[in-house]
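Quick note: the coordinates plus some simple rules give every number you see, no bench work behind them. This is a predicted model, so every value here is computed, not measured. Here Cβ is always computed from backbone atoms with ideal geometry, including for glycine, and neighbour counts include all displayed protein chains.
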Amino acid sequence: MIDALPPPSRWTAAQVAGIAQQQGWALPVIRGEDVHPILPDQVVWDMWPLADTNGATVEVNGRQPWFFLAAPRVNDPDARHDVACIRLTSRGPDGWRDHGVCFPDGFTPGTREWSGSAVLEDDLETVTHYFTASGRREGGPRFEQRLFASIGRLQPQANGPALDGWTPPEELVVPDPRFYARADQDAAVDDRIKGFRDPGWFRDPVDGCDYLLFTGSAADSRDVHDGVVGLARRDGEQWTALPPILDATGVNSELERPHIVVAGGRYYLFWSTQAKRFAPGLTAPTGLYAMVADRIAGPWRAVNGTGLVAGNPPAEPFQAYCWWVTGEGEVASFVDLHGLNGRSPDAIGQPRGRFFGGAPAPFFRLRMDGDRITIG
């Protein structure tokens, strides 16, 4: 168990600047034939698999349960964030199948559901689902974010997994003002919102403790580029907020969907961020980034010397987002704005929805070798 964390490891401007000389990180261009919507009238984005307590992706009758954020398909893809709900799907040899919404309508405490993670407990029936409640059903700040969990039961069926029996959602941990800013804005400021979201569950194979990683914002920062990866630990039945394990203040404002994969005895901390979230003067792609450490307390070192693992190609810099690395080293993401042929989103006109994929992107694999990670 971590008794006292060292100061957060830093993601520095000098590390990011090294991306200019880095090679081999660009993903293939996504073509129209690569985009296969799960449902014709719904878009899906941020995704996570049902994993077991060791981090391995669960299979149920030959199919992997996955969760996506989902919303009706409309002309403005940005509108999806205000009506998002979590949807259960499965991935198998014949592709993707939809299995409906995860939680009943009106069950969760936010005005919409944002990203999280899910674990199948050791009894192979109990599922604990960690998620973000954004907003409040009874009213309040539009972009308030809170971390919750609900416990349900996995019910294998002939056509794929089903989940039922959810317990009332329980709030897990609140921002400790010593470490984290509150995420309770009613409107974005300069196209940015503070973060306290994306709970990513992890059980440390060394100390056996359960942890939550989350997207956070540094407390009392005067810099709008104040992104951190937060950490909480389960102590008995309670969760305790710990200091961040990674600090990108002055470099990047949003380290999204953090999660840890253990491979070769090392801990790999992955997150996603967008090019527009870097501080002025720093040029880096929208992509998957990572740090590596020998234990969860760190110190964390920038993978490949820069932190960059994989990113959208220069020819289509907006084509995909929100990469999730499974315990097997497979990487999932969703198709964002694609087929722009070098144009910026501001130049494509309306409706922008005709360029929004809203579907799973092609998977790829990673090779993890010490402090280096390469594609394929």
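Quick look at the values:
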item: log10 of Debye I(q)/I(0), alpha-carbon scatterers only, for the stretch 1-159 at 0.16, 0.17, 0.20 Å⁻¹; result: -1.09, -1.15, -1.25
item: DSSP-defined beta bridges in the chain - what % are antiparallel, rounded to 5; result: 95 percent
item: GNM flexibility winner over the chain from Ala241, Ala279, Ala347 (Cα, springs under 10 Å); result: Ala347
item: Charge sum, other residues only, whose C-beta stays under 12 Å from Asp105's C-beta, Lys/Arg counted +1 and Asp/Glu -1; result: +1
item: Pairs of alpha carbons in the stretch 9-369 whose separation is greater than 28 Å (percent); result: 40 percent
item: The stretch 309-376: projected area of the alpha-carbon convex hull, averaged over directions, in nm²; result: 5.1 nm²
item: Most fluctuating residue given options Leu337, Leu288, Leu39, as computed from a GNM of the chain linking Cα atoms under 10 Å; result: Leu39
item: Neighbour net charge for Gly165 - beta-carbon separation under 14 angstrom, K R +1, D E -1; result: -3
item: Segment Arg222-Asp346, extension gain: residue separation times 0.36 nm, minus the distance between their alpha carbons; result: 41.7 nm
item: Residue order, fewest to most surrounding Cβ atoms within 10 angstrom, among Thr240, Thr215; result: Thr240, Thr215
item: Sorted by Cβ neighbour density within 10 Å, fewest at the top, the residues Cys102, Cys209; result: Cys209, Cys102
item: Table column - 3J(HN,Hα) (Hz), the stretch 153-168, Karplus curve with 6.51, -1.76, 1.60, x for Gly and Pro; result: 10, 7, 10, x, 10, 4, 9, x, x, 9, 10, 8, x, 5, 7, x
item: For the chain, built as a Gaussian network whose Cα springs stay under 10 Å, the top-fluctuating residue of Ser272, Ser150, Ser115; result: Ser150
item: Estimated [θ] at 222 nm from DSSP helical runs (n ≥ 4, -39500 (n - 2.57)) normalised by residues in the chain, nearest 500; result: -500 deg cm²/dmol
item: Rh by Kirkwood over Cα pairs, then Stokes-Einstein D for the stretch 217-313 at 0.692 mPa s and 37 °C, µm²/s; result: 232 µm²/s
item: Cα-centred dipole magnitude for the stretch 9-369, charges only on beta-carbon of K, R (+1) and D, E (-1), debye, nearest 20; result: 780 debye
